Each structure stands twice: as structure tokens, then as C-alpha cells.
Amino acid sequence: MRLGLAIFQRAGQAGMPVLRARLLGVQGRRSLVLDRTGFQPGGLSPPGRVGFQPAQQDQRRSPVRLGEVGEFNFIDRIAALTGHSGAEVLVGIGDDAAVLDTGSPEKLIVTTDAMVEGVHFRTEWLTYEEIGWRAMAACLSDIAAMGARPVATFASVALPADLDADLALDLTRGLAKCAEACGTALVGGDCAASPQRIFIDVMAVGTAKEPWLRSGAQPGDVLMVTGCLGDAAAAVAMLSNGQQRDAIAGHLLNSFVRPGPRLREAATLAESEIVRAALDISDGLVQDAGHLAKQSNLGIRINSQTVPISDNCRQAALALDCDALQWGLAGGEDFELLLAMSEDGAEEAAQLLRDGCGTNLTVIGQIVEGDGVTVLDANGQEIPVPRAGWDHFGE
Ligand SMILES: [Mg+2]
């Protein structure tokens, strides 16, 4: 889930602590330390040093852990903290990216996306170049979700100092290669030492005349999705099951290790002005559809029989005794586009993508009055979705 520019700006407003921490990192090698009075020469202050006082954390609040709050409630609370945006901020927190009005006909689209080792990726499963590629692809997928064209990207990485320098370069090569493959470039960023795990934050800037928002769906619209769903989840399930990479169908493995953001598809459809609402599927179809429903103040009905599942995905599910449909409904990181448009526009949109990009666009449901997401079987009975997607702090 991306927070958009508003939270990015907020982090910048708190720039002094950030700057100080950076200075500590650089100057610490020259035995300068930061304490309550600023930088002073000497070794790193041990907690027991005379005069040392730990920062006083606010004890007034009841201790509620992030896991109890959940990722999306936490983001809602951040949004409440950020107050009113300036007139230039057309869309702040709550969509795939922020939309900024710079006075030119095209709006500026800005988004950030973080990946953490052990949470988003494992070095046992991915090369360092693939780790970089995926981080960039995830961020650019949000640019596609806005119907935007990428202009530039930036990446900040925190890496353990004992990491092999060639592997670290491989990671940044993956970032740059993906950006280039998507018609843009990696033009800046930051590096920091990480005490243990790899952390990557990618920022992408794009432009769009009429950005697609999650809030634009109308009752009676059809819900469409690009490509197939569940392939990345199938690859992860096979890797989790101990399968070697070369034993996994190339199509499945690629969808996980080298996903391609749907930027060409977005550009093709943006020209047609058919799309009313959109987002990309990063956390799982049902969960992401829920974001579109919530932002549009409407409900969504998904017809499970029409969710596009690839043959490779079905075969993997058979081999592992898993349910391919559940991967399609709740598996994350498909990076396909979920689009709402009028029923009349659906066939034209599908033809545009078929002819222009060789990509399938499938109707999988309807936008309806009400709220929430319902998944129906062939008989119109509701299907439970045990795990409705990814929540970073969810328990
Ligand atoms: Mg997104």
C-alpha cells in the first residue's frame, strides 16, 4: 500500500531528525556522536553513561500494537494527521499515487513503494538483480494504475555493510534495468547502512492528463482485469514447497521474479478515456477490489468463474493440492490492472488491449450499489475468501 506524496512530504517536514541521523552515520566513523545536546566528540554513548537520559516516549496512550491496528487503519490514521492539503494536491493519501496540479495540462503523479527483506522477498528465492527489478516494477505498477506515463524514478536503499559489493550493484542494476524496460530511468536516490536486512524504497514520478482514481466507479460499471491472476502466488507456493526454480514453469516464475508493470496497457486505455476507476492488484484481488469499492462508495460483485487463471497456475495448484481460484482471489503481487468502466466500453477496451498490446482484458464482475466485495460461484452463492489479501501489520 502506497501512501502517496502527502506522507512523503510529511517525512520531509520532519527533515531535521533525518538529517541528523544521516550526519551521525557519516561522522560516527570519526567518533562524533549525537546526544541530547547535539554532536560531540567521543565514543558512542552507552546507555549507562553518566548523564545519559533515554528519550521520553509518550506514555499517555493505551498500548495498542500496530498488529492490532492493521496496515489500512494505520494509513487512515496517518491521513487524518496530515491535515488539509494545498490546492496543488488534487489527490493525497488513499489512492495508488498522489496527483499534483503544477499548472500544466498534465498532472504530476507521484508514488513511493517500500520492500523489506524477509517481508517482500527472500534472497534464497531471488537474485539481487531480480530483487531490484521487483521493487522498481511494484512502484511503476502504481504509475500504470493511475493511467499515467512514467517520467523518472528514484530509489533509496539500506544495505548491510558486509554485503558483497557486486551483489549490491546487482540490486541497483535490477532497479535501473526495470526502469529502462518501462521507458523511464533511475535518476537518483540515497544509500544507507542497514544493521541487518535489505530495505528498498522506490519513488516514481509520472504524468497524466486525466489520472485514473479509485473513486470514479459508477453503479452498473463492469469490473475488468488485465492478464491472469494467481501466477505469482503459484510461484511462491512452489518455492515455499521446496521446488527448485528451474522446476517451475517459466511463465509462473517470471511473473514472480520479473513482473512487468502494465504501463503500455495503461497508455493505450488512457487515450481512449474509457476507464472510470482503476488500481493495480498488489495485495490480492479481493482486498484491492475492496479499496476501489470503498473509494467509490459502492459495492463490487466478482463472478469467480470468470477470474482469469492460467493453465500453468491450475497445474501448479493440482500438483500442490491447492486451490488456484484462491490464489487468483487473494494471492498478492500480480501487478495486473483492475479497471471499472461502462458495459458499453468493455468490448472496445478489450479489443484495444488485444490489438495494441496482445493483452487479455476480462470482465470479472460488476459495480453495484452497497459496499464491500462479494465473490459468487457459478450458482450465485457467495464464496468465502479465507485470507482476503495482504495486510502488513495484520495478525
Ligand atoms: Mg497500487
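The values are calculated or read from the model by the stated rules, or taken from the named source; none is laboratory data. These figures come from a predicted structure and were not determined experimentally. Backbone-built Cβ (ideal geometry, glycine too); neighbour counts: all protein chains shown.
I'd like the full set of residues that are touching a residue at least 24 places away in the same chain (Cβ under 8 Å), closer than 21 Å to residue 266 by Cβ and either touching a strand residue (DSSP E or B) at 6+ places or on another chain (Cβ under 6 Å) or surrounded by fewer than 16 Cβ atoms within 10 Å (Cβ to Cβ) (or both), limited to the range 165-181. Scanning the range 165-181 gives 175, 179.
For the range 65-74, state whether one or more residues are outside any helix (DSSP H, G or I), of a type in the set (Lys, Arg) and modelled with pLDDT under 90. The answer is yes, given that some residue of the range 65-74 is outside any helix (DSSP H, G or I), of a type in the set (Lys, Arg) and modelled with pLDDT under 90.
With respect to the numbered conditions (1) modelled with pLDDT of 95 or more; (2) away from the ligand (no atom under 16 Å from the Cβ); (3) closer than 25 Å to residue 119 by Cβ, which one is the sole condition not fulfilled by residue 245? Here residue 245 clears every test but (1). Just to be sure before I move on: is residue 134 crowded, with 18+ Cβ neighbours inside 10 Å and closer than 24 Å to residue 275 by Cβ in the structure I sent? For residue 134, the condition - crowded, with 18+ Cβ neighbours inside 10 Å and closer than 24 Å to residue 275 by Cβ - is not met.
What are the pairs, 6+ residues apart or on separate chains, where a residue within the range 347-366 that is buried (at least 17 other Cβ atoms within 10 Å of the Cβ) has its Cβ under 9 Å from a residue that is assigned to a loop (DSSP other than H, G, I, E, B) and acidic (Asp, Glu)? Short answer, once both residue conditions are applied: 366/221.
Only one of the numbered conditions (1) modelled with pLDDT under 55; (2) hydroxyl-bearing (Ser, Thr, Tyr); (3) under 26 Å from residue 207 (Cβ atoms) is violated by residue 85, and that is (1).
In this entry, residue 80 is excluded by the filter for residues that are in a helix (DSSP H, G or I) and surrounded by 14 or more Cβ atoms within 10 Å (Cβ to Cβ).
The set of residues in the range 243-252 being surrounded by fewer than 23 Cβ atoms within 10 Å (Cβ to Cβ) and in a helix (DSSP H, G or I) consists of 245, 246, 247, 250, 251.
Restricting the range 265-293 to residues that are closer than 15 Å to residue 364 by Cα and in a helix (DSSP H, G or I) leaves a set whose member that is nearest to the ligand (Cβ to nearest atom) is 288. Note on the range 137-162: residues that are farther than 29 Å from residue 274 by Cα and surrounded by fewer than 24 Cβ atoms within 10 Å (Cβ to Cβ) total 8.
Could you go through the range 116-134 and let me know if any residue there is assigned to a loop (DSSP other than H, G, I, E, B), more than 13 Å from the ligand (Cβ to nearest atom) and within 18 Å of residue 206 (Cα to Cα). The answer is no, given that none of the residues of the range 116-134 is assigned to a loop (DSSP other than H, G, I, E, B), more than 13 Å from the ligand (Cβ to nearest atom) and within 18 Å of residue 206 (Cα to Cα).
As for the range 250-260, it holds at least one residue that is within 16 Å of the ligand (Cβ to nearest atom) and out of contact with any Asp or Glu (no Cβ under 8 Å at 6 or more places or on another chain).
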